Amino acid sequence: MFPLKSYTLDEKIDAHFLVVAAKCKASNNSSDARQYLQKIISGRKELKVIEQVLDILDEEKFLFQSISRTNLITEQDIVSKIWAPFLKKTLSVGGDLVRTKLGESISQYSQAEKQLQYVNMKHTKTFKVDIRFLYDLNGNEYDVGAGEATKEASDEAKILSDKSKLLREGKDVLDRILNTVIPEDDAKNAIGHTIQIKGLCAQVISVYLNPTGLYIAKPLFKIYFPASLLDLSDFREGLKNIFHFAHLLEDNAKLYESAVNSRKRRLSCIGSDYSTRESKQPGHSLLSSMKPTYYTPSNGNRTYSVFNHPNTHQSINTPSPEPTVEENGWVLMQDGKWFHHEAMITLDTSPYEE
């Protein structure tokens, strides 16, 4: 069962948005709507998101008028002038628990996983992603979502290529959460969220792991950014959905926050006679259901594709024991090696042996 929480837009925010949309439609400009917002905006960050939409519509008129002209605009225009400021302002409502990282950056987790998969290939690099949604803690970046953007007039091949990349990124987001959390309930709430943008339309697709070991991608909803002030009244559902998306990303950040802080609390309670090696907590049930991600070979030649990590092949008739995560985050793997999922390192022997 897909563990998605429902979301309802605050009644007052919804009402204020309808007033703003009506004022924009009546005058075909944002002046009256802005005056209205300034009178009531105090203390409600959600209203600043509506104001941000007005700013984008007023400041980027050429972009909206040329949205289908591939020779006049770039993908970077779509991201940096429309969706990035819109997403950033929406995420600020939750106290900036999640931040955006733009410009085709690489997930450290995905990079480490691909290097494990292609151990004999030099200069291995994983996908570069247009937008990464990150939770920062103790100097570490934790991916809680990913996004890809393309122009309005992009062809089907480009759209399918972006979706293929995003689904794998969503799986990696999910996998790292599952490798970090310990409680069963937290694992069941873990979802890899992605957003695929094509011009003014965005679709949120989320990936979760079925207990049978099947990764399932589920389209959740679409967000249509208004093309003009006159179209603002049609954005009511989109406004609700963008807030919903932000909440989903923040839920993932809270899973990391809970896992890391819980581990810190347990370590702070260790006395001088406490044996860390003997104090292990059982891992959640989904650990044994996880599967490696398929990554395209860096040289682009699919005949070099690897569909599993080396030395991890198992007979489908042989049940695999569930890994056990101990207090410091180390896992004893079936091959006798120790793996730390946060640091992404492997040791041949126990980390506690001299």
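Just so it is clear, none of the values below were taken in a lab; they were calculated from the coordinates. Being a predicted model, the structure only gives us computed values, none of them experimental. Positions of Cβ are generated from backbone atoms using ideal geometry, with glycine treated the same way; all protein chains shown enter the neighbour counts.
Summing Lys, Arg as +1 and Asp, Glu as -1, what charge do residues with Cβ under 9 Å from the Cβ of residue 154 carry, residue 154 excluded? It would help to have the intermediate numbers written out before the result.
Details: positive: 151, 158, 198; negative: 75, 152, 155, 156, 162.
Around residue 154, the charge tally is -2.
If R0 is 51 Å, what FRET efficiency do you get for residue 185 and residue 71 from their C-beta distance, rounded to 0.05? Could the numbers behind the result be given before it?
Working: r = 52 Å, r/R0 = 1.01.
That gives a FRET efficiency of 0.50.
Between residue 58 and residue 216, take the C-beta separation as r, use R0 = 41 Å, and let me know the FRET efficiency to the nearest 0.05. Present the calculation step by step, with values, prior to reporting the outcome.
Working: r = 41 Å, r/R0 = 1.00.
Between residue 58 and residue 216 the formula returns 0.50.
For each pair in 101/291; 61/89; 128/291; 12/188; 12/101; 23/218, compute the distance between the two Cα atoms and list the pairs where it is over 29 Å. Each step should come with its number before you reach the end.
On the way: 101/291 27 Å; 61/89 20 Å; 128/291 22 Å; 12/188 33 Å; 12/101 31 Å; 23/218 37 Å.
The answer is 12/188; 12/101; 23/218.
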Note to self: Give me the extension gain from residue 261 to residue 45: residue separation times 0.36 nm, minus the current Cα-Cα distance, reported in nm with one decimal.
What the structure shows: 75.0 nm
Next item on the list: Along Cα→Cβ, 7 Å out, is where each label goes; now give me the distance between the ones at residue 14 and residue 337 in nm to one decimal.
Entry: 5.3 nm
Check: Does region 1-79 come out rounded, prolate or oblate, given a ≥ b ≥ c as the square roots of the eigenvalues of its C-alpha gyration tensor, rounded meaning a/c under 1.5 and, failing that, prolate meaning a/b above b/c?
Finding: oblate
Item checked: Gyration tensor (alpha-carbon) shape descriptor, region 11-136, a/c threshold 1.5 -> oblate
Note to self: Taking 35 Å as R0, compute the FRET efficiency from the Cβ-Cβ separation of residue 140 and residue 236 and round it to 0.05.
What the structure shows: 0.40
Checklist line | Overall form of region 162-247 per C-alpha gyration tensor (a/c, 1.5; a/b vs b/c) | finding: prolate
Check: Distance in nm between label sites at residue 153 and residue 290, each 7 Å beyond Cα in the beta-carbon direction?
Finding: 4.4 nm
Checklist line | Distance in nm between pseudo-label sites at residue 32 and residue 224 (7 Å out along the Cβ direction from Cα) | finding: 2.5 nm
